[in-house]
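These notes are about the structure you will find just below.
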């Protein structure tokens, strides 16, 4: 009975924070403020997708956490180790997959990954290297030179390098940029497998569907400020909207005055009306709308609804911050 209670307690317990960022600021020599007081706690074993336009501060944030860029003020710790005061211990817990493919073209894949493990002071472990290469579908390419690989395979090698020293936190900075759709989906599967192994993953991406597909939480950063950090499902529910499209039997040029309170939008060259409503509202107003449409003499041909995507929400938040 006691063992069962402990198991239930462990199952329900909130995972600990493995990366803690407090009031992090970064100002470059020319006066440009890339990070403006970022506060963020990243939980162990989660996948966090960090979204933002070019120049938002995503790469600067990752570089600072990884110890590549020095913060102007504030603090960052990884696994309880300060990234400035205890750099080696913090960095040993981190794997980084950069945007750029910076691999020696003439080296063999297995040698590239094994060498990276050695850089972190880890003992040679051919079995571990084989396991990583197999997981990333690279084992049959182990003796190939980097220059012989496709762009997608080179990105897999970058991930293998980052995993070679068995980090607990993995940063993926635009990992599927320039990768075809099929390889992108394969990469998502790899990320899912790493999560199952307890690896914490922070992903920056321009592909909104990537965040929707694999993230547990979503952060939106713009102008060096973290605009929002929230569970993906809660974010979609809180900010998401649905649209109802009413296809009409005959086209119209303007919305009848009796329907003005619904803020309808004419689409499809006048052959449809679009109605937007809040999924969290007390009522959608759809029943009343349909009744009023009929009273206005409009004949409906079809109805269809659509849930707003994370991309819609993201674009809206960035527009608000720029206003």
- Mind checking the angle between helix 310-322 and the chain's longest principal axis? C-alpha axes, 0 to 90 degrees, to the nearest 10. 90
- What shape does the chain take by its C-alpha gyration tensor, where a ≥ b ≥ c are the square roots of the eigenvalues and a/c under 1.5 counts as rounded, a/b above b/c as prolate, and the rest as oblate? prolate
- For the pair residue 253 and residue 225, how long in nm is the line joining their label points, each one 7 Å along Cα→Cβ? 4.6
- Query: So for 200, 276, 69, fewest C-beta neighbours within 10 Å to most, what's the order?
  - Reply: 276, 69, 200
- Note on the structure: Contact order relative to length for the stretch 241-307, counting C-alpha pairs under 8 Å separated by 6 or more residues, stands in percent at 51
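Which shape class, rounded, prolate or oblate, goes with the stretch 126-208 when its Cα gyration tensor gives a ≥ b ≥ c as root eigenvalues, a/c under 1.5 marks rounded, and past that a/b bigger than b/c marks prolate?
It comes out oblate by the Cα gyration axes.
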- What's the extension gain from residue 115 to residue 278 if we count 0.36 nm per residue and subtract their Cα-Cα distance? 53.3 nm
- Message: Nearest 500 deg cm²/dmol is fine: what mean residue ellipticity at 222 nm does the chain get from its DSSP H runs of n ≥ 4 alone, each adding -39,500 (n - 2.57), divided by its residue count?
- Response: -10500 deg cm²/dmol
- Message: Looking only at the stretch 16-237, where both bridge partners belong to it, what percent of the DSSP beta bridges are antiparallel (to the nearest 5)?
- Response: 55
- Message: Checking the a/c ratio against 1.5 first, then a/b against b/c, what shape does the Cα gyration tensor give for the stretch 1-134?
- Response: oblate
- Which of 272, 56, 162 moves the most in a Gaussian network model of the chain with Cα springs under 10 Å? 272
- Message: Which residue fluctuates most in the GNM of the chain (Cα springs below 10 Å): 185, 261, 141?
- Response: 261
- Message: Starting from 0.36 nm per residue, how many nanometres of slack lie between residue 102 and residue 25 once their C-alpha separation is accounted for?
- Response: 24.9 nm
- Message: Test of understanding: what is the full-extension gain from residue 291 to residue 36, defined as 0.36 nm times their sequence separation minus their Cα-Cα distance?
- Response: 86.7 nm
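What percent do you get for the relative contact order of the chain when only Cα pairs under 8 Å and 6+ apart count?
18
We did not get these values from a lab; they are worked out from the coordinates using the rules stated. Computed from a predicted structure; not experimentally measured. Don't worry about glycine lacking a Cβ; one is built from the backbone with ideal geometry, like all the others, and counts go over all protein chains shown.
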